[in-house]
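The values are calculated or read from the model by the stated rules, or taken from the named source; none is laboratory data. None of these values were measured; they are calculated from a predicted model. Backbone-built Cβ (ideal geometry, glycine too); neighbour counts: all protein chains shown. The protein model used for the area step is the full one, side chains on, heavy atoms only, and it has no ligands, DNA or RNA in it. Shrake-Rupley method; radii C 1.70, N 1.55, O 1.52, S 1.80 Å.
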Amino acid sequence: MQLMTRPADASPPPLRAAHVRRPHGVRGELRVEPLGGDAARFAVGLRLRVETGERTLVVSGARPAGDGDVLLTLEGVTSREAADALRDAYLCVEAGDARSLAAGEWFVHQLVGLRAITPEGETVGTVEDVEEYAAHEVLVIRDGDRVRRMPMVRAFVERVDLDAGVLVVRPWEEQ
């Protein structure tokens, strides 16, 4: 697998904001899983692009579904059939429209490509991906043919320095 990087002056890729689970009702409402944030992040007027295609949709309403999901209404999606056509799609926002992050939060595209080093400055590898698990995210760090997975928790990740392009980690020796 080859690590894909983008030029430093390139704009960030669109970010996945929601995964469409299924239609909700008969008037085109969608049950979506938000990928960061809650129903409040889907403000009326927010433009969402369907990841696989050029279609852009505008939020006309959003409300919590009570189980972490969001019930989303989009302009132009007015029937169950139109909503069903979006089943399993990812809805994306441009990086400039992304939600604000709290301290200690980063977007995956900000971490991929960072050089992972120990507190002593030894190179561990390059962040190739971030995998999501129930308890926490896991960094995938590659050094040549060697791939390590490291929990994205303070016990292993001491610091993220986007400006310097490094992630300071405390790896353990694998047997």
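Just the accessible area per residue of the chain, please: how many Å² with a 1.4 Å probe?
59 Å²
Once you have the Cα-Cα distance between Val44 and Ala102, take 0.36 nm times their residue separation minus that, and quote the gain in nm to one decimal.
Length gained between Val44 and Ala102: 18.6 nm.
What is the gain in length, in nm to one decimal, between Val147 and Ala135 on full extension, counting 0.36 nm per residue of separation less the C-alpha to C-alpha distance?
Between Val147 and Ala135, full extension yields an extra 2.2 nm.
Taking amide H atoms as placed 1.01 Å from N in the peptide plane, list the residues 5 or more away in sequence, or in a different chain, whose amide H sits under 5 Å from that of Val124.
Ala116, Ile117, Thr118
Can you tell me the FRET efficiency between Arg16 and Glu120 if r is taken as the Cβ-Cβ distance and R0 is 30 Å, rounded to the nearest 0.05?
The calculated FRET efficiency here is 0.25.
Whenever you get a sec, compute what percent of the accessible area on the chain sits on carbon and sulfur atoms (1.4 Å probe).
Percent of accessible area from carbon and sulfur atoms in the chain: 47.
Can you give the FRET efficiency for Arg80 and Glu51, using 1/(1 + (r/R0)^6), R0 = 22 Å, r = Cβ-Cβ distance, to the nearest 0.05?
Approximately 0.50, to the nearest 0.05.
When only C-alpha pairs under 8 Å and at least 6 residues apart count, what is the relative contact order of the range 32-175, in percent?
Rounded, it is 14 percent for the range 32-175.
Can you tell which of Val169, Gln110, Pro23 lies farthest toward the positive end of the dipole of the chain, using +1 and -1 charges on the Cβ of basic and acidic side chains (Lys, Arg; Asp, Glu)?
Pro23
Can you compute the charge dipole magnitude of the chain about its Cα centre, using +1 on each Lys and Arg Cβ and -1 on each Asp and Glu Cβ, nothing else charged? Give it in debye, rounded to the nearest 20.
Using only the charged Cβ atoms, the result is roughly 560 debye.
Could you pull the Cα extents of the chain along its three principal axes, largest to smallest, in whole Å?
Cα spread of the chain along its principal axes, largest to smallest: 58, 34, 30 Å.
Can you show me the helix-derived [θ] at 222 nm for the chain, built from DSSP H runs with n ≥ 4 at -39,500 (n - 2.57) apiece and divided by the number of residues, rounded to the nearest 500.
Here the helix-only value at 222 nm equals -1000 deg cm²/dmol.
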